[in-house]
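> Take this structure, written in structure tokens, and hold onto it; I'll ask about it next.
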Amino acid sequence: NPYAGLVSHLRASWLSGKTRPMEYRVAQLEALGRFLDEKKQEILEATELDMGKPSFEAFFSEILLCKNELNITLNNLCHWMKDEHVDKNLVMQLDSAFIRKDPYGVVLIIAPWNYPIHLFLVPLIGAIAAGNCAIIKPSEISKNTERLIAETLSCYLDNDCFAVVTGGVPETTRLLENKFDYIFFTGSPPVGRIVMTAAAKHLTPVTLELGGKNPCYVSDTCDVTNVARRVAWGRFFNAGQTCIAPDYLLCTVEMQDKLMPALREAITEFFGPNPRESPDFGRIVSDKQFRRIRALLGSGRVAIGGQMDEAERYIAPTVLADVLPSDPAMQEEIFGPILPIVVIANMDEAIDFINARPQPLAVYAFSCDSKVVNQVLERTSSGGFCGNDTLMHVTLTSLPFGGIGNSGLGKYHGKFTFDTFSHHRGCLHRNMGLETLNTPRYPPYTQQKLRLLTTTFEVKRRGTCTLL
């Protein structure tokens, strides 16, 4: 296997204990901070070349949010690394019972192309913070960013403990044949199944950050203008190439009629009368993705947008009205600047529609009535939830980010990333003396010993609690 030597080298470094001291972890994390500062312009240029990403969007999503993750981690690492002491029973009051946060070892991080810096760097921050060695596999589809990562990251990180592997499907397949101690994958559900199958051969634990069709319910009682602006921003950010973008709207026919002029106005406000000329609207990452998205435009009727330029890989911000559940746009994650609207009769029908499909990465609900938003929250299941806005829940490092069911497995962001890359090791360190305390557990067994054991080990139920 072409990568066996690399994995063995990193494993030897990890076994040496090099990555365990807090000072080492802090030094590597601070080096990532220098990478973001010193390569800022190159990151903006690479993402612009790969998918026409506006510098504003690239700075916000690829640099600012990563620096937030980094600083949150550096601010709290000393506390996160400490042993967590736990409650003890009567027998063990003089002993030490605690949870040790151990690194897994050598981890593999496979990143996608849509946020090519953010989606490798945020997991890497947690992997380093937890004391692991890591191999990073950036996406070959965002080739300019891949080249930047491959050529420059090694100048900042310890090459005995961290490495970048490039290439496409064949290289990733061979890479996955090696035994890793943890695999963190971001991508599509079909590829997630392949990664999980490869991991199963070595009983390697995984985090799978996948996608899905994120529903957005708009009730009849809402501020239409605000809904249109927030939905349009979330759908067309990064030209729609966002795993948590609202994938389709669910609303009544009356609300569809009200939303259409408001969405048209919001799109014009954001990108001007011709979004193709706007410096604030991106492009599709590849010809293959362009053709896939173009095929979805046959769904419903094009109410807004629909213009395309294959040479530029440009697809205008597009809204499809009267889309049927059987239409092509409802059969797969759109991952592009197209927003279908599916008409439903009421909130109950919208919730039934959502629950009849695989659990998405996010559910969105808009209403001036908080009871409606809470109903959607309580009666659906998804990786995350955001009421009266889109995407913004992902900016809080205090919230876990991850999928459920078809949309993924595991969570990260902030301390959740540190915990994901840490093995929580249950530890008990007992006193060598005081042997009389242990006598009740030893044979020969008697009823008196059982009563003593019950008294010292039994956990009694307290009064019931009430959820407020």
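The values are calculated or read from the model by the stated rules, or taken from the named source; none is laboratory data. These figures come from a predicted structure and were not determined experimentally. Neighbour counts run over all protein chains shown; Cβ positions are idealised from the backbone, glycine included. Surface areas here come from the heavy atoms of the whole protein model, side chains and all, with no ligands, DNA or RNA. Shrake-Rupley method; radii C 1.70, N 1.55, O 1.52, S 1.80 Å.
> With every protein chain left in place, what is the accessible area per residue of the stretch 215-381 in square angstrom, probe 1.4 Å?
Averaged over the residues of the stretch 215-381, the accessible area is 40 Å².
> If you don't mind, another one. Report the residues of the stretch 315-355 in range of a label on residue 226: point 7 Å along Cα→C-beta, backbone N strictly under 17 Å from it.
From the stretch 315-355, the list is empty.
> If R₀ is 45 angstrom, what is the calculated FRET efficiency for the pair residue 427 and residue 288, using the beta carbon separation as r and rounding to 0.05? List each step's numbers first, then the result.
Working: r = 50 Å, r/R0 = 1.12.
The value I calculate is 0.35.
> Give me the angle, in degrees from 0 to 90, between the Cα long axis of helix 253-271 and the longest principal axis of the Cα atoms of the chain, rounded to the nearest 10.
Between helix and principal axis, roughly 90 degrees.
> With Kirkwood's inverse mean 1/r over C-alpha pairs for Rh, give me the Rg to Rh ratio of the stretch 175-217, two decimals please. Write down the numbers at each step before the final one.
Details: Rg = 12.2 Å, Rh = 11.1 Å.
Rg/Rh for the stretch 175-217 comes to 1.10.
> Among 422-431, 255-264, 92-101, how do they line up from the highest to the lowest mean number of other beta-carbon atoms within 10 Å?
Working: 422-431: 12.9, 255-264: 18.9, 92-101: 14.7.
With the highest mean Cβ count within 10 Å placed first, the list reads 255-264, 92-101, 422-431.
> Still on this structure: In degrees, nearest 10, range 0 to 90: what is the angle between the Cα axis of helix 22-38 and the longest Cα principal axis of the chain?
Between helix and principal axis, roughly 10 degrees.
> Follow-up. Can you give me the convex hull volume of the Cα atoms of the chain, divided per residue and expressed in Å³? Let's see the in-between values first.
Numbers: hull volume 85.4 nm³, N = 468.
Per-residue hull volume (Cα only) is 183 Å³.
> If you wrap the stretch 215-381's Cα atoms in a convex hull and average its projection over all directions, what's the area in nm²?
Numbers: hull surface 34.7 nm².
Its Cα hull, projected and averaged over all orientations, spans 8.7 nm².
> Any chance you could run the full-extension gain for residue 265 through residue 22? It's 0.36 nm times the residue separation minus the Cα-Cα distance, nm to one decimal. If you can, show how the numbers build up before the last one.
On the way: separation 243, 0.36 × 243 = 87.48 nm, distance 5.22 nm.
My answer for the length gained is 82.3 nm.
> Here is a follow-up. Positive end of the dipole of the chain, charges at C-beta (+1 Lys, Arg; -1 Asp, Glu), about the Cα centre: which of 341, 431, 136 has its Cα farthest in that direction?
Among 341, 431, 136, the one farthest towards the positive end of the dipole of the chain is 431.
> Would you please state which residues of the stretch 97-117 a label at residue 441 would reach in this model, taking the label point 7 Å out along Cα→Cβ and a backbone N cut-off of under 16 Å?
Once the point is set 7 Å along Cα→Cβ of residue 441, 97-98 turn out to lie under 16 Å by backbone N, inside the stretch 97-117.
> Can you give me the pair-distance distribution of the stretch 10-132, C-alpha pairs, 10 Å bins, whole percents?
12, 35, 27, 17, 6, 3, 1
> So for the chain, taking the charge dipole from beta-carbon charges (+1 Lys/Arg, -1 Asp/Glu), which of 206, 325, 455 sits furthest toward the positive end?
455
> Taking 56 Å as R0, compute the FRET efficiency from the Cβ-Cβ separation of residue 160 and residue 309 and round it to 0.05. If you can, show how the numbers build up before the last one.
Working: r = 47 Å, r/R0 = 0.85.
The pair residue 160/residue 309 has a calculated efficiency of 0.75.
> Against the longest principal axis of the chain, how steep is helix 189-200, in degrees 0 to 90 to the nearest 10, with axes from Cα atoms?
For 189-200 against the chain, the angle is about 20 degrees.
> Counting each DSSP H run of 4 or more residues in the chain as -39500 (n - 2.57), what helix-only mean residue ellipticity at 222 nm follows after dividing by all residues, to the nearest 500 deg cm²/dmol?
It comes out at -11500 deg cm²/dmol, rounded to the nearest 500.
> Between residue 147 and residue 324, what FRET efficiency follows from the Cβ-Cβ distance if R0 is 45 Å, with the result rounded to 0.05? Present the calculation step by step, with values, prior to reporting the outcome.
Details: r = 43 Å, r/R0 = 0.95.
Result of the calculation: an efficiency of 0.55.
> List, in the order given, every pair from 18/137; 137/179; 39/143; 143/288 whose Cα-Cα distance in the structure shown is over 18 Å.
18/137
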